[in-house]
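The values are calculated or read from the model by the stated rules, or taken from the named source; none is laboratory data. Since the structure is predicted, the reported quantities are computational estimates derived from the model, not experimental observations. Cβ atoms come from the backbone with ideal geometry, glycine included; neighbour counts cover every protein chain shown.
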């Protein structure tokens, strides 16, 4: 992300539908901005329709700009793992395809190591009933999604998918991570 202040950092996370992930992280203290977009594929400037075809290799993801003095990368990852199912390969619920994969796109070996540490920790604790399949992928070009995808829940709260899928994830986050609410 451009125009980051010296105290801002970025994180790119894919947890299924980006509407869900964006809605959760928009409510997190320390997050300065959340952008929905596409990453991890071969095609330049993909459209939503192209990504949804599953043929571009991109994942629906969010790029977070955050203040590490207010929330750490590890805390962001713990929220990420708690608000989607990281044990489902290439899907989240009824959303199926590689574009809905669970992935962390790291910018440095330190981020990769920290993400792997959290995955190992969650696995040791048997938090999930199945193995975590979240991939750790080097960050490539992040393409910002079309304008109508940004702040999707805020602009479409009555949309059936938002009511049935997005809103419950936000409610779960608010209950489980009250200390991180803006």
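Checking residue 62 against (1) more than 21 Å from residue 167 (Cβ to Cβ); (2) without any contact (Cβ under 8 Å) to a residue 60 or more places away in the chain; (3) under 9 Å from the mean Cα position of the chain (by Cα), only one condition comes out false. Which one?
(1)
Test residue 75 against the criterion of being buried (at least 16 other Cβ atoms within 10 Å of the Cβ), in contact (Cβ under 8 Å) with a residue 40 or more places away in the chain and assigned to a helix (DSSP H, G or I), and give yes or no. Break it down stepwise before answering.
Working: buried (at least 16 other Cβ atoms within 10 Å of the Cβ): yes; in contact (Cβ under 8 Å) with a residue 40 or more places away in the chain: yes; assigned to a helix (DSSP H, G or I): yes.
Considered against the rule, which asks whether it is buried (at least 16 other Cβ atoms within 10 Å of the Cβ), in contact (Cβ under 8 Å) with a residue 40 or more places away in the chain and assigned to a helix (DSSP H, G or I), residue 75 comes out as yes.
Anything in the stretch 136-182 that is without any contact (Cβ under 8 Å) to a residue 60 or more places away in the chain and within 30 Å of residue 109 (Cβ to Cβ)? List them, or say none.
Hits for the stretch 136-182 are 136, 138, 179.
Is there a residue being surrounded by fewer than 18 Cβ atoms within 10 Å (Cβ to Cβ), in a loop (DSSP other than H, G, I, E, B) and modelled with pLDDT of 95 or more anywhere in the stretch 104-111?
To start, the set of residues in the stretch 104-111 that are surrounded by fewer than 18 Cβ atoms within 10 Å (Cβ to Cβ) comprises 107-110.
Going one step further and asking which of them are in a loop (DSSP other than H, G, I, E, B), we end up with 107-108.
Cutting the leftovers down to modelled with pLDDT of 95 or more gives us 107-108.
Checked against the condition, which is being surrounded by fewer than 18 Cβ atoms within 10 Å (Cβ to Cβ), in a loop (DSSP other than H, G, I, E, B) and modelled with pLDDT of 95 or more, the stretch 104-111 yields at least one hit.
Working carefully through the options 181, 136, find the one that is within 14 Å of the chain's Cα centre (by Cα) and surrounded by fewer than 16 Cβ atoms within 10 Å (Cβ to Cβ). Let's see the steps before the verdict.
Working: 181 fails: within 14 Å of the chain's Cα centre (by Cα).
Going through 181, 136 in turn, just one is within 14 Å of the chain's Cα centre (by Cα) and surrounded by fewer than 16 Cβ atoms within 10 Å (Cβ to Cβ): 136.
Could you list, ordered by first residue, the pairs with Cβ atoms under 7 Å in which the first is in the stretch 27-46 and without any contact (Cβ under 8 Å) to a residue 24 or more places away in the chain and on the phi > 0 side of the Ramachandran plot and the second is crowded, with 19+ Cβ neighbours inside 10 Å and part of a loop (DSSP other than H, G, I, E, B), at least 6 apart or interchain?
That search, which allows pairs on different chains as well, returns nothing.
In this structure, does residue 82 turn out to be closer than 25 Å to residue 147 by Cβ, in contact with a helix residue (DSSP H, G or I) (Cβ under 9 Å, 6 or more places away or on another chain) and surrounded by fewer than 20 Cβ atoms within 10 Å (Cβ to Cβ)? Can you show your working first?
On the way: closer than 25 Å to residue 147 by Cβ: no; in contact with a helix residue (DSSP H, G or I) (Cβ under 9 Å, 6 or more places away or on another chain): yes; surrounded by fewer than 20 Cβ atoms within 10 Å (Cβ to Cβ): yes.
In short, no.
State yes or no: is residue 62 crowded, with 21+ Cβ neighbours inside 10 Å, in a helix (DSSP H, G or I) and touching a strand residue (DSSP E or B) at 6+ places or on another chain (Cβ under 8 Å)? Quick ask: steps written out before the conclusion?
On the way: crowded, with 21+ Cβ neighbours inside 10 Å: yes; in a helix (DSSP H, G or I): no; touching a strand residue (DSSP E or B) at 6+ places or on another chain (Cβ under 8 Å): yes.
Considered against the rule, which asks whether it is crowded, with 21+ Cβ neighbours inside 10 Å, in a helix (DSSP H, G or I) and touching a strand residue (DSSP E or B) at 6+ places or on another chain (Cβ under 8 Å), residue 62 comes out as no.
Please go through (1) within 22 Å of residue 176 (Cα to Cα); (2) buried (at least 20 other Cβ atoms within 10 Å of the Cβ); (3) under 13 Å from the mean Cα position of the chain (by Cα) for residue 38 and return the number of the only condition it doesn't satisfy.
For residue 38, the failing item is (1).
Name the residue that is surrounded by the fewest Cβ atoms within 10 Å (Cβ to Cβ), counting only residues in the stretch 152-178 that are assigned to a loop (DSSP other than H, G, I, E, B) and out of contact with any helix residue (DSSP H, G or I) (no Cβ under 7 Å at 6 or more places or on another chain).
Only one residue tops the list, namely 158.
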